Structure formats: C-alpha cells, structure tokens
Amino acid sequence: RQARALLAPILVGRPEAQAERLSTLRAVLERPGLTEAAAALGIHRNTLAYRMARIEALGGWRLDDPELRFVLVLAARLVQSAQEEG
C-alpha cells in the first residue's frame, strides 16, 4: 500500500500509460545514465528525457535526490511485480 501511495501521482490514466511510466522510472533508476535507460527501453534518449520530465512533474519529485531514488525504485519494483501477478 505504501509503495502504491508513493507512486500514486504517476499511476493515473490508462493502464498502458501507467505501465509505461513505471517501466520508464525503473529503467532510469536502475541504470547509470539516460543513454543506457533509453537503450533498455528501445526508445530515443530525447523521448526518455521528455517522459522523465513528465514523471517528475506529475510526482513533484527531484530525481537527483539519492534517498528519493532509492525509495522510488523499491516502490516501482513492488508495484510492477504486484501488477504482473494480479
């Protein structure tokens, strides 16, 4: 529940949009840079930058904060795993 509450700002809209935001967030948080994250998602780096700006705006987050990044990646993993199971 807490993971879902933390990610609530990006878990809005169509299920496909939610899944895309979660995947994008995880890719960025789990890789060393935007280039690697974009490659993992199979999208252009500029597309990834646009998505991340939108995610940060929706969440009101600053993803340069390492403590926030840590809790967000854990929450994203939990929520994405729960969605895949259910």
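The values are calculated or read from the model by the stated rules, or taken from the named source; none is laboratory data. Treat the numbers as computed from the prediction; the structure is a model and nothing was measured. Positions of Cβ are backbone-derived with ideal geometry, glycine not excepted, and every protein chain shown enters the neighbour counts. All accessible areas refer to the heavy atoms of the entire protein, side chains included, with ligands and DNA or RNA removed. Shrake-Rupley method; radii C 1.70, N 1.55, O 1.52, S 1.80 Å.
Being in a loop (DSSP other than H, G, I, E, B) and closer than 18 Å to GLU84 by Cβ is the filter here; which residues of segment 1-30 pass it?
The answer is ARG1, LEU11, ARG14.
Quick one: would you say GLU36 is surrounded by fewer than 11 Cβ atoms within 10 Å (Cβ to Cβ), part of a helix (DSSP H, G or I) and of a type in the set (D, E, K, R)?
Judged against the criteria, GLU36 is not a match.
Keeping to segment 44-64, report how many residues are aliphatic (A, V, I, L, M) and open to solvent by 40 Å² or more (accessible area, probe 1.4 Å).
Going through segment 44-64 one residue at a time, the tally reaches 4.
Scan segment 12-38 and report the pairs whose first residue is within 20 Å of PHE70 (Cα to Cα) and among the β-branched types (Val, Ile, Thr) and whose second residue is at pLDDT 95 or above and not in a helix (DSSP H, G or I), with Cβ atoms within less than 9 Å and a gap of 6+ or a chain change.
Close Cβ pairs (under 9 Å, with a partner that is at pLDDT 95 or above and not in a helix (DSSP H, G or I)) amount to THR24/ILE43.
If you go through segment 31-40 one residue at a time, do you hit one that is closer than 20 Å to GLU84 by Cα and within 10 Å of the chain's Cα centre (by Cα)?
Checking segment 31-40: not a single residue is closer than 20 Å to GLU84 by Cα and within 10 Å of the chain's Cα centre (by Cα).
Within segment 68-79, is there a residue that is free of Cβ contacts under 8 Å to residues at least 24 places away in the same chain and not hydrophobic (A, V, I, L, M, F, W, C)?
Among the residues of segment 68-79, not one is free of Cβ contacts under 8 Å to residues at least 24 places away in the same chain and not hydrophobic (A, V, I, L, M, F, W, C), which makes the answer no.
With respect to ALA75, is the statement that it is assigned to a helix (DSSP H, G or I), at pLDDT 95 or above and touching a helix residue (DSSP H, G or I) at 6+ places or on another chain (Cβ under 6 Å) true?
yes
Scanning segment 75-86 for residues that are surrounded by 14 or more Cβ atoms within 10 Å (Cβ to Cβ) and among the hydrophobic types (A, V, I, L, M, F, W, C), which turns out nearest to the chain's Cα centre (by Cα)?
It comes out as ALA76.
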